[in-house]
Amino acid sequence: LSVARLAPPTQANAVEVFLDTSAWLSVHRLSGQDAAQLETFLDALDQGHVRLHAPEALVAEYRRQRKALLDHALERTRTAALDLRVPQVLRAAEGETTLLPLEQAYFAERERYLDAVDAQIQVEQLPVDHLIARLLSHAHRAASTRLARRRASERFALCNPPGEHGGLSDALSWETLLATVPEGARLHVVSEAATYCTEGEEERFNGFLLEE
């Protein structure tokens with residue numbers, strides 16, 4: 001998402017932006033220049049240049065997937081092997097016997113660190129959680145209506161995008177956007193998934209959705 005390209009000069013012409021679940025989850029992997037770009041995006045939100053849409057259906061889906069993402073990362077790190085075995089050809093090398101205590105110290109420190117991280121995860125106090133909270137504080141978080149839920153179920157049953165791959169949650173978010181984004185506004189959809197793209201052409205927005 002190029003904020004410099006999107007941000008108009010006045011609040012009256014605020015750009016409508018929708019980040020799908022994959023984009024919200026990608027914030028957990030940001031570093032360096034990407035993190036700086038997110039700060040620029042937050043500045044644009046502060047100044048009213050961008051209007052961020054985050055339907056409640058999307059927020060709920062993000063929270064479910066956040067837990068799965070972080071649980072997987074914790075488990076993968078907890079079970080990662082550390083091999084300090086000395087090759088046979090080096091068995092006579094001085095200092096070989098000091099490696100075992102280092103291994104034990106590593107595992108103990110790893111558990112201490114991961115327990116501390118897990119505690120922060122449970123109360124949403126990771127540094128990235130603060131960024132997410134800032135984004136959500138600016139977002140237009142429309143609740144799904146009964147009509148939107150009915151239309152999303154029909155969309156999903158008919159295998160129409162975006163529900164055919166992303167599931168009912170994506171369909172419900174889209175129906176909510178159709179009902180809440182101002183008529184005639186140009187909506188910018190940011191996604192790392194192919195949910196909103198033409199099949200086989202990831203650079204093109206899905207024609208079915210474009211007509212809507």
For segment 132-148, Karplus-derived ³J(HN,Hα) couplings (6.51, -1.76, 1.60; θ = phi - 60°; whole Hz; x for glycine and proline) come out as 4, 4, 5, 4, 5, 5, 9, 7, 8, 9, 6, 6, 7, 8, 4, 5, 4
The set of residues whose placed amide H lies less than 5 Å from the amide H of His140, leaving out same-chain residues fewer than 5 positions away, is Leu52, His53, Ala54
Interchain or sequence-distant (5+) residues whose placed amide H lies within less than 5 Å of the amide H of Cys197 are Asn206
So the FRET efficiency between Cys159 and Leu187, C-beta based with R0 = 25 Å and rounded to 0.05, is 0.65
Under a Gaussian network model of the chain whose springs join Cα atoms within less than 10 Å, the largest fluctuation of Arg149, Arg134, Arg78 belongs to Arg78
Given a 1.4 Å probe, the accessible area of the chain per residue, as a whole number of Å², is 61 Å²
Plugging the Cβ-Cβ distance of Leu102 and His72 into 1/(1 + (r/R0)^6) at R0 = 25 Å yields, to the nearest 0.05, a FRET efficiency of 0.35
For the chain, whose charge dipole is built from +1 on Lys and Arg Cβ atoms and -1 on Asp and Glu Cβ atoms, the candidate among Val86, Cys197, Pro162 with its Cα farthest towards the positive end is Pro162
In degrees rounded to 10, the 0-90 angle between helix 56-78 Cα long axis and the longest Cα principal axis of the chain is 10 degrees
Residue by residue through segment 33-49, the couplings from Karplus 6.51 cos²θ - 1.76 cosθ + 1.60 with θ = phi - 60°, in Hz, x for Gly and Pro, are 5, 5, 5, 5, 5, 5, 4, 5, 5, 4, 4, 5, 5, 4, 8, x, 6
Longest principal axis of the chain (C-alpha) makes with the long axis of helix 168-180 (C-alpha) an angle, in degrees to the nearest 10, of 40 degrees
Residues meeting the amide H criterion for Val15 (H placed from the backbone, H to H distance under 5 Å, 5 or more places apart or on another chain) are Val50, Arg51
The FRET efficiency for Arg134 and Ala36, from their Cβ-Cβ distance with R0 = 25 Å and rounded to 0.05, is 0.95
Stretched fully, the stretch from Val86 through Arg146 gains (0.36 nm per residue minus C-alpha distance, one decimal, in nm) 15.1 nm
Of the candidate values (i) 19.3, 72; (ii) 22.7, 77; (iii) 21.7, 69, the one computed for Rg and Dmax of the Cα atoms in Å from this structure is (ii)
Of every hundred units of 1.4 Å-probe accessible area on the chain, the number belonging to carbon and sulfur atoms, as a percent, is 53 percent
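The values are calculated or read from the model by the stated rules, or taken from the named source; none is laboratory data. Quick caveat: nothing in here was measured; it's all calculated off a predicted structure. Glycine gets a Cβ as well: all are built from the backbone with ideal geometry, and neighbour counts include every protein chain shown. Ligands, DNA and RNA are stripped out before the accessible areas are found, and what is left, the full protein with its side chains, is counted by its heavy atoms. Shrake-Rupley method; radii C 1.70, N 1.55, O 1.52, S 1.80 Å.
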